[in-house]
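Accompanying notes for the structure given below.
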Amino acid sequence: MSEVTCLELAAGLWFVHLFCQMGAASGAFSTAYLFSSRDPQTAPKGLVWGRATRAFANYVENLVAFVALDLGLIVTHHPAGFAPMVWIVARVVYLPLYLFNVIYLRTVAAGVAMISLLVMLWDLAGL
C-alpha cells in the first residue's frame, strides 16, 4: 500500500470518527439542542458521546504526526515500509475498542500506532 493511499485512508478514517461522534450526539442530546446554537450547555445522556468525542480528539492529535511523517516520506522518497499501513490498521482497531471501553486492548492498539509513528520517523531520518 502506498504512502498516498495511507493518507487517503487516514482522511477517510477522520470522517468515520466524525460520523461516530455525530451519531453518538444524536443519542446523547435532544434534536432541538443539536439544531440550536448550543448556548445553554446540557449534560449528555450516556457515555458513548463522551468516548466518541475523546476518541476523535485523540485521532486528530495523532493524525497531525502521521500526516507530517507520511508527507515527509513521500517528498524525500524514503521507503516507508509497512509502518503507515500498520498505523491505519491500529487506528481502525482503536476506535471500537475505545467506544466499547475495552481498556487493555485499546492501550495495545494505541501503542502499536505510536510505535509505527516512531518507525516512520526512523525511516524519515534514514537511520
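Before moving on, here are some points about what is shown:
- Counting residues in the range 87-106 that are in contact with a helix residue (DSSP H, G or I) (Cβ under 7 Å, 6 or more places away or on another chain), of a type in the set (Phe, Trp, Tyr) and closer than 20 Å to residue 7 by Cα gives one or more.
- Selection within the range 44-71 - in a helix (DSSP H, G or I) and surrounded by fewer than 17 Cβ atoms within 10 Å (Cβ to Cβ): 50, 54, 57, 60, 61, 64, 65, 67, 68, 71
- Looking across the range 90-104 at every residue that is touching a residue at least 12 places away in the same chain (Cβ under 8 Å) and among the aliphatic types (A, V, I, L, M), the one that is farthest from residue 75 (Cα to Cα) is identified as 99.
- Restricting attention to the range 107-127, the residues that are loosely packed, with under 14 Cβ neighbours inside 10 Å and either touching a Gly at 6+ places or on another chain (Cβ under 8 Å) or outside any helix (DSSP H, G or I) (or both) total 2.
- Considering only residues in the range 1-46 that are over 30 Å from residue 69 (Cβ atoms) and polar (S, T, N, Q), the one that is modelled with the highest pLDDT turns out to be 26.
- Boolean, residue 81 is assigned to a loop (DSSP other than H, G, I, E, B) and touching a residue at least 40 places away in the same chain (Cβ under 8 Å): yes
- Residue match in the range 21-43 (condition: out of contact with any helix residue (DSSP H, G or I) (no Cβ under 9 Å at 6 or more places or on another chain), surrounded by fewer than 12 Cβ atoms within 10 Å (Cβ to Cβ), polar (S, T, N, Q) and assigned to a helix (DSSP H, G or I)): yes
- Screening the range 72-99 for residues that are among the hydrophobic types (A, V, I, L, M, F, W, C) and in contact with an Asp or Glu (Cβ under 8 Å, 6 or more places away or on another chain) and picking the one that is surrounded by the fewest Cβ atoms within 10 Å (Cβ to Cβ) gives 74.
- Qualifying residue in the range 37-50 (condition: without any contact (Cβ under 8 Å) to a residue 40 or more places away in the chain and under 21 Å from residue 15 (Cβ atoms)): yes
The values are calculated or read from the model by the stated rules, or taken from the named source; none is laboratory data. Being a predicted model, the structure only gives us computed values, none of them experimental. So basically every Cβ, Gly included, is an ideal-geometry build from the backbone, and we count neighbours across all protein chains shown.
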